[in-house]
1. What is the magnitude of the charge dipole of region 79-171 about its Cα centre, with +1 placed on the Cβ of each Lys and Arg, -1 on the Cβ of each Asp and Glu, and no other charges, expressed in debye to the nearest 20?
2. About the Cα centre of region 258-348, how large is the charge dipole given +1 on each Lys and Arg Cβ and -1 on each Asp and Glu Cβ? Please answer in debye to the nearest 20.
3. Checking the a/c ratio against 1.5 first, then a/b against b/c, what shape does the Cα gyration tensor give for the chain?
4. Classify region 71-171 as rounded, prolate or oblate from the Cα gyration tensor: take a ≥ b ≥ c as the square roots of its eigenvalues, call it rounded if a/c is under 1.5, otherwise prolate when a/b beats b/c and oblate if not.
5. Among 298, 215, 38, pick out the residue whose Cα is farthest towards the positive end of the charge dipole of the chain, where Lys and Arg carry +1 and Asp and Glu carry -1 on C-beta, about the Cα centre.
6. For the pair residue 30 and residue 83, how long in nm is the line joining their label points, each one 7 Å along Cα→Cβ?
7. Using helices alone, I'd like the mean residue ellipticity at 222 nm for the chain: each DSSP H run of four-plus residues gives -39500 (n - 2.57), total over residue count, nearest 500.
8. Kindly point out which whole DSSP H helices in the chain project their C-alpha atoms 20 angstrom or further along the helix axis while averaging a Kyte-Doolittle hydropathy of -0.5 or above.
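What follows is calculated from the coordinates using simple rules that are stated; it is not laboratory data. What you see is a predicted model, and the numbers here were worked out from it, not measured in a lab. Cβ placement follows ideal geometry from the backbone for every residue including glycine, while neighbour counts extend to all protein chains displayed.
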Amino acid sequence: MPGRLIVSKPRAWPPHWIMDFLQEIERLKLAGLAELRGAPDLAALEQARVNYLGSHGKFTALMKQLGTLPKEQKPSAGKAVNAAKIALEAALAERRGELELQTSLPKEATDFTLPGRRRQLGKLHPLTQVAEDIIRSFRKIGFAVADGPEVEDDYHCFDALNTPADHPARDTQDTFYLRNSEFQITNTESGPQPSTINPQFLLRTHTSSVQIRVMEKQSPPVRIIVPGRVYRRDNADATHNPTFQQVEGLYVDRDVTVGDLKGTVEFVFKELMGPETRIRFRPHYFSYTEPSFEIDFSSSLTRKMGKEWLEIAGCGMVHPQVFENVGYDPEVWTGWAFGFGIERIAMIRYGINDIRLFYENDVRFLRQF
Ligand code: DAH
């Protein structure tokens, strides 16, 4: 009756009981192995571990009794206990592995006859699509894409563009200024210009600042467009958003005329809005161009919106002072520049009546383009 040998209090074992002790080890080992291997789930397995190998477990109790065996019997008994313990721990690890694998497998059988899951294809944002179309058209006639920082200094955004200190665009009501201590412009590769030693940083209000950055770095001729984000302190409504996107264009060479400007704009707008698109120039004022114009266009799209002509862009011949500011000789070089909003084009093109839709990222809206 090996069972009666297990008592809670350790006591001395008479020498001839070693056989009983060894049998008890074997019995407990077999019982433990059966319980561990038969554990139906991880909770039951943990319970089996506690029962046998925990600090108050049956096996642990047996190990405590080792000390009470006569000295000469301890080595063989100890060996047997250790071997049994190793066997139990191996069974525990093996069963744990099996059960963990089981829980990670699908609960139901896989039905290979079900139809496949359709993979949703992503799309470019409508504004990105329109910007890419604009870039593609300008590339056809030899324009390269240029880029500049969205956090700009007031020199590049205003002063260098001949925009005087009292111009409303510079007003804090209209512009997001940054606290200078919070920002250090990092991409002035050539170091700060004399005029930017004491810069005031702001989120650029237009892409025209990139005209200056390009001309500072590159000698004429220049033929670039600049798609990019701009920022203004406008309250969002159907036609305004505090951030929107523009495309700037700049062409500098010898003997450039308004005719070149008109021809270029007409080519690009016909590409964008269809071959029967017409454009017209109206006199306007910008401080960095002289003369300056606003561009209207007319197409079936404008008529759909109930208007013959829609204003679409600002432009003009680059002001001689702007050339002076970047070190181009205005007696030698001539050029034109323009700027327009990408949202406006996209809205007309797709018949969208609220600019905010572009920025809400509602996939039900975005999926349509
Ligand atoms: N920067 C102007 C704006 O944000 C647009 C513009 C007008 C750009 C005339 C130009 C230009 O390059 O020559 O409204």
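1. Numbers: 13 positive and 16 negative charges, 225 e Å.
Magnitude of the dipole: close to 1080 debye.
2. On the way: 9 positive and 13 negative charges, 118 e Å.
It works out to roughly 560 debye.
3. Numbers: a/c = 4.92, a/b = 3.05, b/c = 1.61.
Taking the square roots of the gyration eigenvalues as a ≥ b ≥ c, the chain is prolate.
4. On the way: a/c = 5.72, a/b = 2.51, b/c = 2.28.
Cα axes put region 71-171 in the prolate bin.
5. 38
6. 1.5
7. Values: 13 runs with 144 residues, N = 369.
So the helix-based figure for the chain works out to -12000 deg cm²/dmol.
8. Values: long enough: 18-37 (28 Å, 0.28); 74-104 (44 Å, -0.26); 126-140 (21 Å, -0.33); 258-273 (22 Å, 0.49).
Qualifying helices, which must be both long enough and hydrophobic enough, are 18-37, 74-104, 126-140, 258-273.
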